[in-house]
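See below for the structure under consideration.
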Amino acid sequence: MRAFKFRSAQNIEFTLDIILNRRLYCADWKSLNDPMEGMFAYSTSRQQNEAQRIVKGIGSEKSRYKVCSLSADFQSHLLWSHYADGFNGLAIEVDLPSDHPNIRPIEYRGVFAFLNMDEVNDEDEAARTILFSKYNEWQYEQEIRILNNTPYFQLDNPIRRVIAGHRINPALLETLLIVCDREQIELCTVGIGDEGLDADAVDRDRLERARRFRRTPQQR
């Protein structure tokens with residue numbers, strides 16, 4: 001499953017961690033930017049104390065999970081504006097296992113996730129149902145979500161591609177050229193045209209020019 005992790009140009013060490021260590025950071029879901037994240041409403045015919053026991057159990061199961069948010073597409077101006085520093089950042093294309101139980105496209109719904117408590121037999125699965133859903137105002141993100149019990153999700157496959165925004169700092173682009181060349185990762189830059197966004201491969205001749213520029217006076 002192809003997915004894209006958008007990164008700001010700030011804190012470049014986090015970007016390099018993804019590229020070099022092939023892992024994705026998973027954050028506490030309560031720290032995410034949607035204030036309704038993890039909230040849910042329910043209906044039930046159960047006794048109140050029984051319903052509250054289940055609600056508490058679902059809350060306990062939710063607390064075990066951390067979240068990594070990616071997108072199914074890089075061709076969204078809003079995603080570049082909101083999560084890649086207004087095209088100053090980048091998007092990292094990764095390959096996720098399509099059959100992994102903890103990786104799913106987000107289901108978009110109303111303000112709250114909703115559970116029929118009479119049908120809840122597995123509190124963990126109920127927690128996952130809630131965390132794999134999001135308010136439909138965020139639908140433009142086309143989010144693919146990873147739920148994980150640890151701070152990092154290890155990628156089984158190499159990074160597929162790094163796509164730099166068209167406003168990226170030239171020095172940072174040259175750095176990415178060197179890193180991607182070493183890791184044998186395709187580096188592209190975003191192109192903006194009448195038909196939307198695309199990704200154009202960076203000319204590798206620029207890598208040699210960057211290396212020559214960085215030589216010391218003695219080396220020259």
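Every number here is computed from the coordinates shown, using simple stated rules; none is lab data. Values in this document were obtained by computation on a predicted structure and should not be read as measured data. Backbone-built Cβ (ideal geometry, glycine too); neighbour counts: all protein chains shown.
Key figures for this structure:
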quantity: Segment 1-42: Rg to Rh, with Rh as the Kirkwood radius over Cα pairs; calculated: 1.09
quantity: Inter-site label distance for THR175 and ARG46 at 7 Å from Cα along Cβ, in nm; calculated: 5.1 nm
quantity: Net charge of Cβ neighbours under 10 Å - reference GLN154; Lys, Arg +1; Asp, Glu -1; calculated: +1
quantity: Sparse-neighbour loop sites [chymotrypsin sites (Phe, Trp or Tyr not before Pro); segment 83-171; at most 15 other C-beta within 10 Å; DSSP]; calculated: PHE112
quantity: Extended-chain gain in nm, criterion 0.36 nm per residue less alpha-carbon gap, GLU107 and ASN33; calculated: 24.9 nm
quantity: Centroid-to-centroid separation of segment 141-201 and segment 19-42 [C-alpha atoms, Å]; calculated: 20 Å
quantity: Dimensionless Rg/Rh of the chain - Kirkwood Rh, Rg from C-alpha atoms; calculated: 1.08
quantity: Per-residue HN-Hα couplings for segment 171-176 [Karplus 6.51, -1.76, 1.60; θ = phi - 60°; Hz; x = Gly/Pro]; calculated: 5, 5, 4, 5, 4, 4
quantity: Segment 1-77: equivalent-ellipsoid semi-axes (sqrt of 5 x gyration tensor eigenvalues, Cα, Å); calculated: 36, 14, 11
quantity: 3J(HN,Hα) from dihedral phi, segment 66-74, Karplus parametrisation 6.51/-1.76/1.60, rounded to Hz, x for glycine, proline; calculated: 10, 10, 10, 10, 10, 10, 7, 8, 9
